[in-house]
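None of the figures in this text is laboratory data; all of them are computed from the coordinates on show. Since the structure is predicted, the reported quantities are computational estimates derived from the model, not experimental observations. Quick reminder, even Gly has a Cβ in these numbers, built from the backbone with ideal geometry, and neighbours come from all protein chains shown.
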């Protein structure tokens with residue numbers, strides 16, 4: 001090849017490479033702004049359309065600190081394990097104190113929402129008012145919900161499953177007399193399965209504030225995220241998102 005053509009070819013290749021560099025840098029920058037949050041939640045808290053309460057709240061929170069949140073739905077135990085390992089950037093939502101079991105997680109100190117941990121049954125003769133009242137019954141829980149695992153550790157009959165659908169399947173097949181779950185998601189699941197005879201046992205066994213946790217590599221985001229959530233509650237955004245997700249005001 002003549003030297004002139006070779007030189008022009010080299011110049012063209014160099015120009016193409018230089019033109020591509022800003023796009024590559026932009027893609028890397030965008031990737032660094034996107035954080036993946038794992039959750040085990042189901043409707044109305046998380047759904048395939050991305051319109052669940054957790055997905056909408058997380059998107060707005062992270063937008064206010066200059067980031068993008070991507071929520072992935074995985075089994076509960078995997079969600080918190082992956083976040084602790086840094087496979088995902090965080091987990092939503094969990095009770096206070098999870099860093100004692102998962103030392104690489106850091107809690108965003110503003111409550112994300114309150115969970116009513118509630119017992120559900122099809123048996124009209126069953127009533128419970130405390131965790132101890134559950135012991136005579138065949139129970140069902142979802143693996144990875146730590147408070148439920150701890151509170152039922154001494155119960156003689158506990159079946160653990162992976163999903164809420166499986167949990168209510170235990171009730172359908174009479175493999176459990178009582179199942180334990182978060183009220184909003186459990187009620188939605190019972191409705192989806194057309195289990196009209198399922199009832200929530202009042203009052204809830206526990207009402208607990210729940211929090212976002214992030215991996216320790218994102219520790220700098222903790223206070224900005226907490227402040228963003230506080231402001232969202234104060235300016236009406238939080239309740240507007242609850243309404244959009246079909247949950248009503250907090």
Take 201, 139 and order them by how many other Cβ atoms sit within 10 Å, fewest up front.
-> 201, 139
Across every pair of different alpha-carbon atoms, what Kirkwood hydrodynamic radius in Å does the chain reach?
-> 20.2
Describe numerically, in nm with one decimal, the distance between label points set 7 Å from Cα along Cα→Cβ at residue 48 and at residue 153.
-> 3.8
Treat each spin label as a single point 7 Å out from the Cα along the C-beta direction, and report the residue 197 to residue 68 distance in nm.
-> 4.9
With r as the distance between the Cβ atoms of residue 174 and residue 216 and R0 = 41 Å, compute the FRET efficiency 1/(1 + (r/R0)^6) and round to 0.05.
-> 0.35
Scoring segment 115-207 by relative contact order with C-alpha pairs under 8 Å, at least six apart, yields a percentage of 49
Compute the relative contact order of the chain as a whole-number percentage, counting only Cα pairs closer than 8 Å that sit 6 or more residues apart in sequence.
-> 26
Can you give the angle from 0 to 90° between the axis of helix 222-234 and the longest principal axis of the chain, with both taken from C-alpha atoms, to the nearest 10?
-> 60
Could you estimate the translational diffusion coefficient of segment 115-207 from the Stokes-Einstein equation, with Rh from the Kirkwood formula over C-alpha pairs, at 4 °C and 1.567 mPa s, in whole µm²/s?
-> 102
For a footprinting-style exposure proxy, rank 42, 58, 250 by other Cβ within 10 Å, fewest first.
-> 250, 42, 58
In nm, the gap between the two label points placed 7 Å beyond Cα toward Cβ at residue 104 and residue 234 is 3.5
For segment 79-149, Kirkwood radius (reciprocal of mean inverse C-alpha pair distance, Å) = 14.6
Add -39500 (n - 2.57) for each DSSP H run of 4 or more in the chain, then divide by its residues: what number comes out at 222 nm, to the nearest 500 deg cm²/dmol?
-> -12000 deg cm²/dmol
One finds the C-alpha centres of segment 129-187 and segment 71-107 to be spaced, in Å, by 21
